[in-house]
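These notes concern the structure reproduced below.
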Amino acid sequence: MLNRFLLRKYIGQSSLLFLSCGATLFAFAWIRVWVVSLLDMGQFQAILEQFREFEKFAPIDFDSLFTYTGRVGMTFDEPIVILCIVIWCIARGSDVVSGELGRGTLEMVLAQPISRTQLLFSHATVSVLGLALLCLLVWAGVGVGVYATEVEESVPPPTIRIPFFEIDMPLTINEPQKQTLRLRDRVDVNLYAASTFNLFAFGFFVLGVASFFSSIDRYRWRTVGATVALYILQMVMYGLGKAAESLDYLLSMTFFSCYKPQKMVLIASQEGLLAPWSLSGSFADMVLSPLAYPLILISLGLMSFLLATVCFNKRDLPAPL
Amino acid sequence: MSSEADTEPVLLCNGLSKRYGAFCALSDCSLRVEHGDVFGLLGPNGAGKTTLIRILLGFLHPTGGNCRVLGIDPVVDSVALRRQVAYLPGDARLPRHMKGEGVLKFFSEMHPFGELERSRRIADQLELNTKTRVAFMSTGMRQKLALAVVLGPQTPFLILDEPTANLDPTVRAMVLRLVMEARDNGRTVMLSSHVLSEIEDTCNKVAFLRKGRLAHELKMSELFQRHRMTALTSAEVVVPDALSDQVSIQTTRLSENQHRVQIDTSGDLAPILTWVNTLPLSHVRFEPFGLRTVYDSVHAGKFSQATTASSPEPLETL
């Protein structure tokens, strides 16, 4: 099903994009964690409180973010992370057929004794492995950030509770004492495994869609355009579904609803590391079990790849332009 | 190859057609190419040559008819077919991120008949620097590289779509030598080209396509036995019965007592020359019947598929 020479060719072809996306994701995830340490939790809380009315747009409730674990978990929803993953998926997915057709190289490759399915699967293998590595690099960046960062925390002054009034009174009026501690003492990196998998599933779906559009098209720019148009449409549907109660049915029609990395972190931190991998458990604000969401994305991605294979095998290959 | 495959022709097309909606790119094309043939495909742009080749390789699905290449139907198993065929596209484009050497290595590994050393040798013969990246190669260099890729594998069947496009005359001659070498090694070659002299020099059979139809088929040996004579005469020229199947005449009146006569001949010239010698002719011009003449006639639509090469029917009406 796979051709090792094609695999080698595709690895060579995509290595530059992979290296740039990988370096960006790793460095960003690391820096993002370091930035968490710069902003005092109290300050962060104060800032976030200003945006309470927009809480409904957030993937999880704000209170869950007032922990280092929650703040680090926001990395998976950062636009740069999403952008890099989407760039990889659309660039690689759109390349498989319409990209090669546009460059005119498909003819020479398919003049060799390889099947179209073999070509598509070899390409998909490199793209999916690349995607998996990119997601792992985000996790690795978070891990390195967590292990390399120290945070300062104010030590709460000793207090005394006044009877009847139930008020805590500090016993000292001095500046609160600060203590420095390692972030790894506050954050368990394993909590982000499920989020990393969710990010992979998200990318897998986008990759599948881009590959499908590529398999039926002959112009790469049109493939990219169609994929981006679908992506934006789904994003708008997600935004509208979140914004207006009357439009919340749109949430069930967009794949963005299946991307819940912060929720996965929350579940893992509250219910244990294995909880996000459950197909049976139910949690607040979740219609399905936690693992169902990435599995839906992966199933949709697999369907897209299957459709791409059928269409690519059935279609006529036009001569290079 | 099996003995069954040996007895079958290398290529057998039967009523092959390809339609795109109302447009017919190839219509009812029936061809036969035997082992060891160097088969030329001729026709103007858009005649259907590349469409035919692309159907043979399984790139396009035919809308009518069928074909078998080395006993394999490309619709059923195009991979097995491409194991036996080396193909040079009309506009061969190669991965731009690779160096010439990398391209040769990649394609020789991809093909079971691939042989890197042979591809390198051909690249050397074509005076190609394989250390250059494809992206920085000129059109001619890329064509040479594609030729080295395609001529490397020793497949039984070789399909070349305009192999000498963008090449200088020296390299063209080298490519034609390589084609003849392939034939001498027992390989069958299908060659599409617009350069008639190349077809004349290399092919033993030629097919003319026009507007998606097979307009004419020709054995070059028969073409070489055909000649055209033009002359002026004042008397009527009548072909003797003994030569009627070898000679055809077209007469055009120039003035009251002067006509221009065009005599097309096929076969042995000796008896025809004896007859011609008895005619009251002046300004006689004798020339071999070149592929150009046939091509022009086909292009002008004066040939049908039924017309055979040995027929002495006039190719042009003056």
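The values are calculated or read from the model by the stated rules, or taken from the named source; none is laboratory data. Since the model is a prediction, treat every value here as computed from it, not as a measurement. Using ideal geometry, Cβ is built from the backbone for each residue, glycine included, and neighbour counts are taken over all protein chains shown. Only protein heavy atoms, including side chains, enter the accessible area calculation; ligands, DNA and RNA are left aside. Shrake-Rupley method; radii C 1.70, N 1.55, O 1.52, S 1.80 Å.
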Working only within segment B:41-98, note down all residues that are among the aromatic types (Phe, Trp, Tyr) and either more than 8 Å from chain A (Cβ to nearest Cβ) or within 19 Å of the chain's Cα centre (by Cα) (or both).
B:Tyr87
Could you list all residues from segment A:86-108 that are more than 7 Å from chain B (Cβ to nearest Cβ), under 21 Å from B:Phe107 (Cα atoms) and open to solvent by 20 Å² or more (accessible area, probe 1.4 Å)?
A:Gly102
Give segment A:1-58 a look and list any residue that's among the polar types (S, T, N, Q), farther than 30 Å from B:Phe107 by Cα and surrounded by fewer than 17 Cβ atoms within 10 Å (Cβ to Cβ), or say none.
A:Gln43, A:Gln45, A:Gln50
Test B:Phe208 against the criterion of being open to solvent by less than 10 Å² (accessible area, probe 1.4 Å) and not hydroxyl-bearing (Ser, Thr, Tyr), and give yes or no.
yes
Members of segment B:81-93 found to be of a type in the set (A, V, I, L, M, F, W, C) and in contact with a Leu (Cβ under 6 Å, 6 or more places away or on another chain), listed by number
B:Ala86, B:Leu88
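Here's the yes/no breakdown for (1) away from chain B (no Cβ under 14 Å); (2) touching a Phe, Trp or Tyr at 6+ places or on another chain (Cβ under 7 Å); (3) open to solvent by 60 Å² or more (accessible area, probe 1.4 Å):
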| residue | (1), (2), (3) |
| --- | --- |
| A:Arg218 | no, no, yes |
| A:Thr223 | yes, yes, no |
| A:Ser252 | yes, no, yes |
| A:Phe255 | yes, yes, no |
| A:Met264 | yes, no, no |
| A:Leu307 | yes, yes, yes |
When residues of segment B:47-74 are limited to those that are of a type in the set (A, V, I, L, M), without any contact (Cβ under 8 Å) to a residue 60 or more places away in the chain and closer than 17 Å to B:Leu31 by Cα, the one surrounded by the most Cβ atoms within 10 Å (Cβ to Cβ)
B:Ile55
Name the pairs: first residue in segment A:118-142 and in contact (Cβ under 8 Å) with a residue 24 or more places away in the chain and closer than 27 Å to A:Thr75 by Cα, second residue open to solvent by 10 Å² or more (accessible area, probe 1.4 Å) and of a type in the set (A, V, I, L, M), Cβ to Cβ under 8 Å, at least 6 apart or on different chains?
A:Thr125/A:Leu2; A:Thr125/A:Leu7; A:Val126/A:Leu7; A:Val126/A:Ile11; A:Trp139/A:Val189; A:Trp139/A:Ala193; A:Gly141/A:Ala27; A:Val142/A:Val189
Test set (1) touching a Gly at 6+ places or on another chain (Cβ under 7 Å); (2) within 14 Å of another protein chain (Cβ to nearest Cβ); (3) not charged (D, E, K, R) - A:Ala111 fails condition number:
(1)
Of the residues in segment B:251-273, those that are in contact with a Lys or Arg (Cβ under 9 Å, 6 or more places away or on another chain) and either among the hydrophobic types (A, V, I, L, M, F, W, C) or not in a loop (DSSP other than H, G, I, E, B) (or both) number 11
Can A:Arg92 be described as on the phi < 0 side of the Ramachandran plot and without any contact (Cβ under 8 Å) to a residue 60 or more places away in the chain?
no
Take the conditions surrounded by fewer than 21 Cβ atoms within 10 Å (Cβ to Cβ) and free of Cβ contacts under 8 Å to residues at least 12 places away in the same chain and apply them to A:Asp77. Does it pass?
no
Do we find a residue being within 14 Å of chain A (Cβ to nearest Cβ), under 25 Å from A:Cys311 (Cα atoms) and surrounded by fewer than 17 Cβ atoms within 10 Å (Cβ to Cβ) anywhere in segment B:23-39?
yes
Scan of segment A:121-142 for residues that are open to solvent by 10 Å² or more (accessible area, probe 1.4 Å) and of a type outside the set (Val, Ile, Thr), ordered by number
A:Phe121, A:Ala124, A:Leu129, A:Ala132, A:Leu133, A:Leu136, A:Leu137, A:Trp139, A:Ala140
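Residues checked against (1) more than 14 Å from every other protein chain (Cβ to nearest Cβ); (2) more than 22 Å from A:Val206 (Cα to Cα); (3) touching a Pro at 6+ places or on another chain (Cβ under 8 Å):
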{"site": "A:Gly272", "(1), (2), (3)": "yes, yes, no"}
{"site": "A:Ser304", "(1), (2), (3)": "yes, no, no"}
{"site": "A:Asn313", "(1), (2), (3)": "no, no, no"}
{"site": "A:Leu317", "(1), (2), (3)": "no, yes, no"}
Go through segment A:239-250 and give me each residue that's surrounded by fewer than 19 Cβ atoms within 10 Å (Cβ to Cβ) and in contact (Cβ under 8 Å) with a residue 12 or more places away in the chain.
A:Gly239, A:Ala243
Quick one: how many residues across segment B:99-115 are within 17 Å of B:Thr132 (Cα to Cα), at the interface with chain A (Cβ under 8 Å from one of its Cβ atoms) and surrounded by fewer than 21 Cβ atoms within 10 Å (Cβ to Cβ)?
0
All conditions in (1) among the β-branched types (Val, Ile, Thr); (2) out of contact with any helix residue (DSSP H, G or I) (no Cβ under 6 Å at 6 or more places or on another chain); (3) open to solvent by less than 30 Å² (accessible area, probe 1.4 Å) are true of A:Val287 except (3)
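Conditions (1) modelled with pLDDT of 95 or more; (2) β-branched (Val, Ile, Thr), marked per residue:
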residue: B:Pro112; (1), (2): no, no
residue: B:Leu128; (1), (2): no, no
residue: B:Phe157; (1), (2): yes, no
residue: B:Met174; (1), (2): no, no
residue: B:Glu181; (1), (2): no, no
residue: B:Asp184; (1), (2): no, no
residue: B:Thr188; (1), (2): yes, yes
residue: B:Leu196; (1), (2): no, no
residue: B:Cys203; (1), (2): no, no
Look at B:Pro9 and say whether it is open to solvent by less than 40 Å² (accessible area, probe 1.4 Å), free of Cβ contacts under 8 Å to residues at least 60 places away in the same chain and away from chain A (no Cβ under 14 Å).
yes
Mind checking which residues of segment B:116-143 are within 14 Å of chain A (Cβ to nearest Cβ) and under 18 Å from B:Ala86 (Cβ atoms)?
B:Leu116, B:Ser119, B:Arg142, B:Gln143
